[in-house]
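Read the structure below first, then the notes.
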Amino acid sequence: MDLGIKGRHALVCASSKGLGRACAMALAAEGVHVTLTARGAEALTKTANEIRKAYPGVEVKEVAGDITTPAGRDDALKACPNPDILINNAGGPPPGDFRNWTRDDWIKAVDANMLTPIELIKATVDGMMSRKFGRIINITSAAVKSPIDILGLSNGARSGLTGFVAGIARKTVKDNVTINGLLPGPFDTDRLRNTNAAAAKSSGQPLEEITQARMKANPAGRFGTPEEFGYACAFLCGDKAGFITGQNILLDGGAFPGTL
Ligand code: NAP
């Protein structure tokens, strides 16, 4: 299926690894020129080279920096000043007990997982609307729909973003600019592997046992693959996806038990 976005430009934040990388790969497969960001330059260059090799017709730019800082965002927007597609992503806040979180912990989480995507939307959405095409995807979390107690910082900050987007996504769609959330459940990325390793360490249970139990707990009997996430993202960025906006789409193997 040709998604009709060949030659478009995408800014894919936090994309040297995991879900962001998979989104960049899937967009590049559709002929979209991609600007990648991450803090670590080495992994970023590795991913950029992999995309260049796999899709030689696609222009790939790399911007090393922290997307949750004004300087990181400025650099990313300098490299990709008029994106047609914006994939908002950053690392998630740490788990913990809310009794131990300080105001600074909250500000950091809100900055990274709510205000950073809002700043990037603010910087790009008017250009998209004037050009009559834009696709904005916010990578949030299944925890927005089904909160996980120890991830309170994530639940709170990402729900704030989701609430904000619910309003503006209805204002931009008239100009063919859609804004949607993709809510990952368990996907097999470094983040998930690190979480499993931490659980193994704190419980004393073998890592393999924890991993198997967590896979078994999902109706699909496994974790999602980053490729599956990337394809869903590319679909929502497609030329013909202009009637889907303000939605929050769970990719969780059916783990959320609701009918709707
Ligand atoms: P991952 O495999 O750890 O990859 C994270 C990517 O983001 C890396 O490329 C990392 O590179 C980059 N990054 C992190 N912080 C950044 C920052 N401040 N500025 C720029 N780049 C940054 O994580 P993932 O699993 O893809 O997760 C992506 C998002 O989805 C996270 O917010 C996570 O909480 C959320 N999520 C994931 C799952 C899951 O099962 N995987 C489930 C629910 C929610 P550098 O470290 O070099 O910057």
Legend entry - Equivalent ellipsoid semi-axes - Cα gyration tensor, the range 117-260, angstrom: 33, 16, 13
Legend entry - DSSP H segments from the chain that extend 18 Å or more along their own axis, Cα-based, with Kyte-Doolittle mean of -1.0 or above: 41-54, 116-131, 152-172
Legend entry - Cβ-isolated cysteines (cut-off 4.7 Å), the chain: Cys13, Cys80, Cys237
Inset, instruction - Lys and Arg at +1, Asp and Glu at -1: add these up for the other residues within a Cβ distance under 13 Å of Glu208 and post the number. - result: +2
Inset, instruction - Just name one of Gly156, Leu192, Ile210: the one whose Cα is farthest towards the positive end of the charge dipole of the range 115-212 (beta-carbon charges, Lys/Arg +1, Asp/Glu -1). - result: Gly156
Legend entry - Within the range 158-206: Cβ-based charge dipole about Cα centre, in debye rounded to nearest 20 (Lys, Arg +1; Asp, Glu -1): 160
Legend entry - Charge dipole (debye, nearest 20) of the chain; +1 at Cβ of Lys and Arg, -1 at Cβ of Asp and Glu: 360
Inset, instruction - Using a cut-off of 14 Å between beta-carbons, work out the net charge of the residues near Asp75 (Lys and Arg +1, Asp and Glu -1, Asp75 not included). - result: 0
Inset, instruction - Can you check how the C-alpha radius of gyration of the range 92-161 compares to 2.2 N^0.38 Å, as a plain ratio? - result: 1.29
Legend entry - Helix-only [θ]222 nm of the chain, DSSP H runs n ≥ 4, -39500 (n - 2.57) each, per residue, nearest 500: -14500 deg cm²/dmol
Legend entry - Per residue value of the accessible surface for the chain (all protein chains in place, 1.4 Å probe), Å²: 50
Inset, instruction - Within the set of other residues whose C-beta is less than 13 Å from the C-beta of Met25, count the net charge using Lys and Arg as +1 and Asp and Glu as -1. - result: +1
Legend entry - Accessible carbon and sulfur surface of the chain relative to its total accessible area, %, 1.4 Å: 56
Inset, instruction - Quick one: compute a quarter of the convex hull surface over the Cα atoms of the chain and quote it in nm². - result: 14.0
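The values are calculated or read from the model by the stated rules, or taken from the named source; none is laboratory data. Computed from a prediction, not measured in an experiment: that's the story for all the values here. All Cβ positions, glycine included, derive from the backbone under ideal geometry; neighbour counts span all protein chains shown. Quick note on the areas: whole protein, heavy atoms, side chains included, nothing else; ligands and nucleic acids left out. Shrake-Rupley method; radii C 1.70, N 1.55, O 1.52, S 1.80 Å.
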